[in-house]
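For reference, the structure is listed below as structure tokens.
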Amino acid sequence: MELILNFLTELKKNNSREWFTASKDWYQEVKNQHEEFTAQLIKEIAAFDGDIGFLMPKDCIFRIYRDVRFSKDKDPFKTNMGAYMSRGGKNSHFSGYYLHIEPGSSFIGGGKWMPPADILKLIRLEIYHFPGEFKSIINHPDFVSKFGVMNGDKLKKPPKDFPPEFADVDLLKYKSYVVGMNLTDETVRSSRLLSQAAEAFRTMMPFIRFLNRAVDER
């Protein structure tokens, strides 16, 4: 993955269409390497979570081109490469596994980031009905050792339609249900990346399946 990190480092310094066009052969190498790695990662995940179904790298990888129409930042390209492995691919409403490659800011993540209101309510309902099961997942020692605690934006008050006296009401206040762990550039460059990502995703699987069960039952 050193090729990818090197390319993204230079792209951050030269984020222009002119530079990107002049470096198109380099980018094609990077793109090919990212697709090959993602294919391996999909295979690793499918070995323990067959729920993701049959995925191709193109189903999971996000485009490097930025949509600048409504952004003050007019840089035309992202300076990271990401892949989201979930049932139905990156645009589905299911929770999944995410690998983010960015020099100095790479990470492994998973869950559902900022789901639409209907999906978010379903997840909250699942937690409300099965709080003990959810807490046993997110408080499991292996889970905590890798991902710590859930973080992210939360409501200041209990969500609408849920009783404020619910003992675990704080678990219902999240706007996203995601966890993650940071990766050093050294790890990204090493041969350990695939096995480390697969191990982390395996630990994450009960969390992903719990979130997806809520959607399955709608």
Among P116, P57, P163, whose mean-square fluctuation peaks in a Gaussian network model of the chain (Cα, cutoff 10 Å)?
P163
In whole Hz, the Karplus estimates of ³J(HN,Hα) for the stretch 93-98 (6.51, -1.76, 1.60; θ = phi - 60°; x where Gly or Pro) are 8, 8, 5, x, 10, 10
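In what order, largest first, do E35, E29, E186 sit by accessible area if the probe radius is 1.4 Å? Before the final figure, lay out the partial values.
Values: E35 60, E29 105, E186 130 Å².
Ranked from most to least accessible, the order is E186, E29, E35.
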Could you pull the accessible area for T184 with a 1.4 Å probe, rounded to 10 Å²?
80
Förster-model FRET efficiency, 30 Å R0, N32 and S105, C-beta, rounded to 0.05:
0.85
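With helices defined as uninterrupted DSSP H runs, which ones in the chain have an alpha carbon span along their own long axis of at least 15 Å and mean Kyte-Doolittle hydropathy of at least -1.0?
Values: long enough: 2-13 (17 Å, 0.29); 24-48 (36 Å, -0.85); 117-129 (18 Å, 0.52); 193-216 (31 Å, 0.37).
Taking the DSSP H segments of the chain (at least 15 Å long, mean hydropathy at least -1.0), we get 2-13, 24-48, 117-129, 193-216.
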Quick one: which residues, 5 or more positions from L183 or on another chain, have an amide H under 5 Å from its amide H? H modelled 1.01 Å from N in the peptide plane, none for Pro or chain starts.
S106, F107, I108
Express in whole angstrom the spacing between the alpha-carbon centres of the stretch 38-66 and the stretch 146-218.
19
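On a 1.4 Å probe surface of the protein chains, which of W26, W113 comes out largest in accessible area, and what is the full order? Before the final figure, lay out the partial values.
On the way: W26 75, W113 180 Å².
Solvent-accessible surface, decreasing: W113, W26.
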So what's the gap between the Cα centers of the stretch 76-111 and the stretch 1-36, to the nearest angstrom?
18
List the pairs from K74/K175; K43/K173; K78/K112 whose alpha-carbon separation is above 24 Å, in the order I gave them.
K74/K175; K43/K173
Add -39500 (n - 2.57) for each DSSP H run of 4 or more in the chain, then divide by its residues: what number comes out at 222 nm, to the nearest 500 deg cm²/dmol?
-14500 deg cm²/dmol
Report the FRET efficiency, 1/(1 + (r/R0)^6), for A22 and M150, where r is their Cβ-Cβ distance and R0 is 45 Å, rounded to 0.05.
0.55
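How large, in percent, is the carbon and sulfur part of the accessible surface of the chain at a probe radius of 1.4 Å?
Working: 6080 of 11750 Å².
Using a 1.4 Å probe with all protein chains present, the chain comes out at 52 percent carbon and sulfur.
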List the extent of the Cα atoms of the stretch 40-127 along each of their three principal axes, largest first, rounded to whole Å.
39, 33, 23
Quick one: putting +1 on the C-beta of Lys and Arg, -1 on the C-beta of Asp and Glu, what dipole do you get for the chain around its Cα centre, in Debye to the nearest 20?
700
How long is the chain along each principal axis, judged by its Cα atoms, biggest number first, in Å?
60, 40, 29
HN-Hα J couplings of the stretch 146-152 from phi, Karplus 6.51/-1.76/1.60, θ = phi - 60°, integer Hz, Gly and Pro as x?
8, 10, x, 10, 5, 9, x
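List the trypsin sites (Lys or Arg not before Pro) within the stretch 1-57 that fall in a DSSP loop (any state other than H, G, I, E or B) and whose Cβ has at most 16 other Cβ atoms within 10 Å. Spell out each step's value before the answer.
Numbers: sites: K12, K13, R17, K24, K31, K43; in loops: none.
Taking the stretch 1-57 and a limit of 16 other Cβ atoms within 10 Å, no loop trypsin sites (Lys or Arg not before Pro) are found.
The values are calculated or read from the model by the stated rules, or taken from the named source; none is laboratory data. A quick note: this is a predicted structure, and the numbers were derived from the prediction, not measured. Here the Cβ is made from the backbone with ideal geometry for all residues, glycine too, and neighbour counts use every protein chain on show. Surface accessibility is based on the protein's heavy atoms, side chains included, excluding ligands, DNA and RNA. Shrake-Rupley method; radii C 1.70, N 1.55, O 1.52, S 1.80 Å.
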